[in-house]
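What follows draws every value from the coordinates through simple rules; no lab data is involved. Because the structure is predicted, anything quoted here is derived from the model rather than measured. Heads up, the Cβs are rebuilt from the backbone with ideal geometry, glycines too, and the neighbour counts pull from every protein chain shown.
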Amino acid sequence: MMTSEGKPEALDDMMVLDLSYANFSGNITASFFAESGAEVIKIEPPEGDPSRIISPYGANVKDVGIPYLMESRNKRHVVLDLSKPEDRENLKILATRADVLIETFAPGEMDDWGIGYRQLRELNPGLIYIAITPYGHYTAKGKEMAGMPWTDLTSQAESGLAALIGDLPNTPEPYNWPTRAGFYAAGYTSAVGAACGGLVASFFKRRTGEGQMVDIASADAYASCVGFPPTIGYVWKKPRFRYGTLDYGLCPYGFFKCKDSYVAIACFRDQDFRAAMRILGKWKLEGEWKTLLDRITDDIDKVKELNNEVEDAVGKYTYDEINEKFSSFSVKSARSKWRGGGLPVTTKMLTPKEVLQEKHWQVRGSFAKVEHPTYGIVTLPVTGKLSKTPLRVKWLSAEIGEDNEYIFKKYGLVKNTPGESHG
């Protein structure tokens, strides 16, 4: 397992202002910078960021929602009331020292306060200004919908993703309705785009000294997850419809129920399919479904027929039995030149609880346990393993205004709002 002990942080010379408000995209974007050593200052109004209370099933720790608690890692929490001129001046002081500013307000709102990109770049030409909104800043719709709050659901609807998720069109209503992705993925997809854009802008700044605006629309970010279906529809002249648990590009490629759990089976190449059929004792299917084009068609009934054959075979075994069959065959196949015997992939579907208990992820250090005097021990995911500058979680800090004293003193701000130091 890689450790961070004695190793530098890649962004320890960077200061980031996190002004995200009622929007997890901004919180998560700032977390990417914070894990790499940037000084991230989370700025909230006196009542706090509304994101604090959003949590699955209402689960919270000391009245702080678990998602917000996760995204508070390595951040300093400061209260600035941007409705007051004196605190807008404080923000300007911080912005002159900042490398990156992240905000999620409606297009034009920061400009109306005199602290938008146009105004702040006059004070700091090297500022990288990341704005995350539902529709972006520079279109008619972006301006028309400026007052609409950010939601993951509307981003899924506007990106085309929801139209692709759900059961087969010929399933009785309401079971054939579109289905949203099961978690708030827009927060993460937007954050990845924003963080990547911010880092690319940082490279440009180091070459030229110039900052720039990074304009992220959540629906844009989600549309990148949709992938090639829009292009398929344009070229093929047919829309890609919902396929339920089936896949429209590979077959078999999905989850199948065995005696005691579910198993994922993926056959990417023709030889992988042949190998899977031999392992499952379905030799007769090799000839009828010989090539990928035989197995993939817009005839859903034909695709279902093949998947039903696989499901019937898998259902006779436990997961361990299936895994042993595929693993022993795959080891032999991997040793053969060009893997000509095929290498079908299988793995068990794990619940989130099982993921936390999985030894492999523990050895990799994929989760960090952080102890906080108020919130107790909190387990957080840490993605990416960098050998020279590993990501790390150093602390959690989620009290409103917890770091006011420290930040006000460090940057010479005018003290208008009381707050406790992080220490």
Given an 8 Å cut-off on Cα distances and at least 6 residues of separation, report the relative contact order of region 60-198 as a percent. 16 percent
For region 59-107, shape from the Cα gyration tensor axes a ≥ b ≥ c, cut at a/c of 1.5 then a/b versus b/c, turns out prolate
For the chain, the charge dipole (Cβ of Lys, Arg +1; Cβ of Asp, Glu -1; about the Cα centre) points to a positive end, and the Cα of Val78, Pro56, Phe32 closest to that extreme belongs to Phe32
Calculated FRET efficiency, Lys257 and Cys196, Cβ-Cβ r, R0 51 Å, to nearest 0.05? 0.85
Quick shape check on region 68-157: root eigenvalues a ≥ b ≥ c of the Cα gyration tensor, a/c under 1.5 is rounded, otherwise prolate if a/b tops b/c, else oblate, and it reads oblate
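Between Glu144 and Lys353, what length in nm is gained on full extension when 0.36 nm per residue of separation is reduced by their alpha carbon distance?
Residue separation times 0.36 nm, minus the Cα-Cα distance, leaves 70.9 nm.
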Distance in nm between pseudo-label sites at Glu305 and Asp320 (7 Å out along the Cβ direction from Cα): 3.8 nm
Tell me which of Thr383, Tyr184, Leu101 sits at the most positive position along the dipole axis of the chain, charges placed on C-beta atoms (Lys, Arg +1; Asp, Glu -1). Thr383
Once Lys and Arg get +1 and Asp and Glu get -1 on their Cβ, which of Asn124, Ala223, Leu17 lies farthest toward the positive end of the dipole of the chain? Ala223
Please order His372, His137 by the number of other Cβ within 10 Å, starting at the fewest. His372, His137
Given (i) 357; (ii) 191; (iii) 152, which label gives volume of the Cα convex hull per residue in Å³ as computed from the coordinates? (ii)
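What is the gain in length, in nm to one decimal, between Trp395 and Asp298 on full extension, counting 0.36 nm per residue of separation less the C-alpha to C-alpha distance?
So the chain would gain 29.7 nm between Trp395 and Asp298.
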Sorted peptide list for 296-302, 86-92, criterion being average Cβ within 10 angstrom, highest first: 86-92, 296-302
With +1 at each Lys and Arg Cβ and -1 at each Asp and Glu Cβ, the charge dipole magnitude of region 347-419 around its Cα centre, to the nearest 20 debye, comes out at 440 debye
To make sure I understand, if each residue's beta carbon is the centre and we count other beta carbons within 10 Å, what order do Trp283, Trp289 fall in, fewest to most? Trp283, Trp289
Just need the relative contact order of the chain here, percent rounded to a whole number, with Cα pairs under 8 Å and 6+ apart. 19 percent
In nm, to one decimal, how far is the Ala157 label point from the Cys225 one, both placed 7 Å along Cα→Cβ? 1.6 nm
Around Ile41 (Cβ within 11 Å, Cβ-to-Cβ, excluding Ile41; K/R +1, D/E -1) the net charge comes to +1
Assign unit charges at the C-beta atoms only (+1 for Lys and Arg, -1 for Asp and Glu), then state the dipole size of the chain relative to its Cα centre in Debye, rounded to the nearest 20. 1760 debye
Please compare each pair in Lys7/Lys75; Lys7/Lys92; Lys359/Lys394; Lys75/Lys388; Lys7/Lys369; Lys42/Lys359 to a cut-off of 30 Å on the Cα-Cα distance and tell me which ones are over it. Lys7/Lys92; Lys42/Lys359
Could you work out the local net charge near Lys7, counting Lys and Arg as +1, Asp and Glu as -1, over the other residues with Cβ closer than 10 Å to its Cβ? 0
Which order, highest average first, do 374-386, 48-60, 99-111 follow once you tally other Cβ atoms within 10 Å for each residue and take the mean per peptide? 99-111, 48-60, 374-386
Per its Cα gyration tensor (rounded if a/c is under 1.5, else prolate when a/b beats b/c, else oblate), region 81-125 is best filed as oblate
What list of ³J(HN,Hα) couplings, whole Hz, do you get for region 406-413 from phi and the Karplus terms 6.51, -1.76, 1.60, once you set θ to phi - 60° and write x for glycine and proline? 5, 6, 4, 6, 5, 10, x, 7
Pop the C-beta distance of Thr171 and Ala22 into the FRET formula with R0 = 51 Å and round what comes out to the nearest 0.05. 0.90
Is it possible to state the helix-based mean residue ellipticity at 222 nm for the chain, with each DSSP H run of 4+ residues giving -39500 (n - 2.57), the sum divided by total residues, to the nearest 500 deg cm²/dmol? What is it? -11000 deg cm²/dmol
If every Lys and Arg gets +1 and every Asp and Glu gets -1 at its Cβ, then about the Cα centre region 169-323 yields a dipole, in debye to the nearest 20, of 400 debye
Report the gain in length on full extension from Asp247 to Asp13: 0.36 nm times residue separation, minus Cα-Cα distance, nm rounded to one decimal. 79.7 nm
Which net charge results when you count Lys and Arg as +1 and Asp and Glu as -1 among the other residues whose beta-carbon is under 10 Å from that of Pro252? -3
Sort 14-26, 306-318 for me by packing, meaning the mean count of neighbouring Cβ atoms within 10 Å per residue, highest on top. 14-26, 306-318
Restricting to lysines and to Cα separations under 23 Å from Lys143, and discarding same-chain partners fewer than 8 apart, the set is none
